[in-house]
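To start, the structure itself, in structure tokens.
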Amino acid sequence: MRNLVIIGSGPAGYTAAIYTARANLNPLLVEGLQTGGQLSMTTDVENFPGFPEGIMGPDLMVAMKNQAARFGTDFLPGMVTEVDFSRRPFRLRTDDGEIEAKTVIICSGASARLIGIESERKLMGHGVSTCATCDGYFFRGKEIIVVGGGDSAMEEATFLTKFASKVTVVHRRDKLRASKIMQERAFKNPKIDFVWNTVVEEIYDVQGNNVKGVVLRNLKSNEVVDFKCDGVFIAIGHEPNTKIFQGQIEMDGNGYILTHDGTKTNVPGVFAAGDVQDHVYRQAVSAAGSGCMAAMDAERFMETSEH
């Protein structure tokens with residue numbers, strides 16, 4: 001039996017662990033498939049407060065984990081594979097067996113949808129990115145492509161024109177899915193070009209460990225061309241990591257956990273923080289802030305339920 005189990009190990013999970021450990025709740029943090037979450041795949045993080053020279057994403061996550069450990073957080077490698085929130089104590093099944101918990105904070109994050117080619121994974125953080133707000137600054141004066149055709153792709157493309165000399169949107173269809181206002185904004189921007197009915201087949205140069213260009217294939221003509229660029233931004237959406245919570249907790253139509261009054265879910269004693277419930281901001285600092293909120297909400301819940 002644990003007072004509190006935190007599911008996920010990104011900025012939200014580690015911050016929740018720091019706060020609940022300092023409150024003597026002796027939290028157990030189940031680290032998940034990717035320890036440190038999306039930041040463990042990021043290179044330079046320059047917009048997290050307190051690091052004027054920037055910090056590597058994995059280094060920031062190690063520092064957060066060490067801080068949580070210092071105050072007494074227990075860590076469990078592996079995944080939560082099943083949950084039962086129908087009664088308290090809650091039951092969580094992991095790779096190592098079953099855990100009972102009085103309270104749970106879900107910080108399982110979201111995963112960016114990727115094209116599905118090996119080179120994009122190998123070059124992630126080395127010219128390939130899924131976050132313009134995080135990485136756009138590194139592409140000043142560069143030529144880049146944005147893959148996608150929805151609102152997020154148009155938003156990323158428009159934002160990137162602040163830094164890039166040229167942005168080319170590559171879309172697999174002949175028209176955009178984005179809202180009219182986002183389309184108009186992108187079409188009016190002189191720095192943005194469009195390549196229609198086209199997919200990215202390959203990104204190079206993996207051996208050189210940086211992006212030098214892409215191989216594009218036209219879906220109608222099947223023509224294949226080399227396209228020189230300095231960066232690739234994938235903007236085909238995110239998926240919250242919430243499959244194991246389906247039927248256990250309220251979510252929106254896209255699978256994001258619904259929260260109210262801070263980080264409370266519809267199940268008393270279960271809280272959610274970070275990208276698993278935030279599809280708007282999706283930043284390390286906002287995730288950390290909601291992790292703090294969830295920790296304080298959980299602590300107050302424990303106090304009132306014990307009384």
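The values are calculated or read from the model by the stated rules, or taken from the named source; none is laboratory data. If you're wondering where the values come from, they're calculated on a predicted model, not measured in any experiment. FYI the Cβ positions are ideal-geometry reconstructions off the backbone, even for glycines, and counts take in every protein chain you see.
Considering the conditions (1) within 19 Å of the chain's Cα centre (by Cα); (2) under 27 Å from residue 6 (Cα atoms); (3) surrounded by fewer than 16 Cβ atoms within 10 Å (Cβ to Cβ), residue 48 is excluded by exactly one of them, (3).
Where helices (runs of 4 or more DSSP H) sit wholly within the range 112-182, those with at least 1 residues that are touching a residue at least 24 places away in the same chain (Cβ under 8 Å) and basic (Lys, Arg) occupy 118-122. Restricting to the range 86-111, give me the number of residues that are in a strand (DSSP E or B) and either touching a helix residue (DSSP H, G or I) at 6+ places or on another chain (Cβ under 6 Å) or of a type in the set (Val, Ile, Thr) (or both). The total comes to 7. For residue 280, are the conditions met, namely being surrounded by fewer than 18 Cβ atoms within 10 Å (Cβ to Cβ), in a loop (DSSP other than H, G, I, E, B) and hydrophobic (A, V, I, L, M, F, W, C)? Spelling it out, residue 280 is indeed surrounded by fewer than 18 Cβ atoms within 10 Å (Cβ to Cβ), in a loop (DSSP other than H, G, I, E, B) and hydrophobic (A, V, I, L, M, F, W, C). With respect to (1) under 23 Å from the mean Cα position of the chain (by Cα); (2) under 17 Å from residue 146 (Cβ atoms); (3) modelled with pLDDT of 95 or more, the lone exception for residue 236 is condition (3).
Among the residues of the range 14-55, not one is modelled with pLDDT of 90 or more and under 15 Å from residue 124 (Cβ atoms).
Evaluate the range 74-81: report whether one residue or more is more than 24 Å from residue 15 (Cα to Cα) and either under 23 Å from the mean Cα position of the chain (by Cα) or polar (S, T, N, Q) (or both). No, there is no match, as no residue in the range 74-81 is more than 24 Å from residue 15 (Cα to Cα) and either under 23 Å from the mean Cα position of the chain (by Cα) or polar (S, T, N, Q) (or both). Selection of the range 26-35 for residues being in contact with a helix residue (DSSP H, G or I) (Cβ under 7 Å, 6 or more places away or on another chain) and within 12 Å of residue 68 (Cβ to Cβ) yields 27, 29. Listed by first and then second residue, the pairs with beta-carbon distance under 8 Å, at least 6 apart or on different chains, first residue in the range 254-274 and more than 18 Å from residue 84 (Cα to Cα) and outside the structural domain of residue 29 (by TED's automatic domain parsing), second modelled with pLDDT under 95 and assigned to a strand (DSSP E or B), form an empty list. Screening residue 84 against (1) closer than 19 Å to residue 242 by Cβ; (2) surrounded by 18 or more Cβ atoms within 10 Å (Cβ to Cβ); (3) at pLDDT 95 or above leaves a single unmet condition, (2). For the residues 211, 215, 225, the requirement of being crowded, with 16+ Cβ neighbours inside 10 Å, assigned to a strand (DSSP E or B) and not basic (Lys, Arg) singles out 215.
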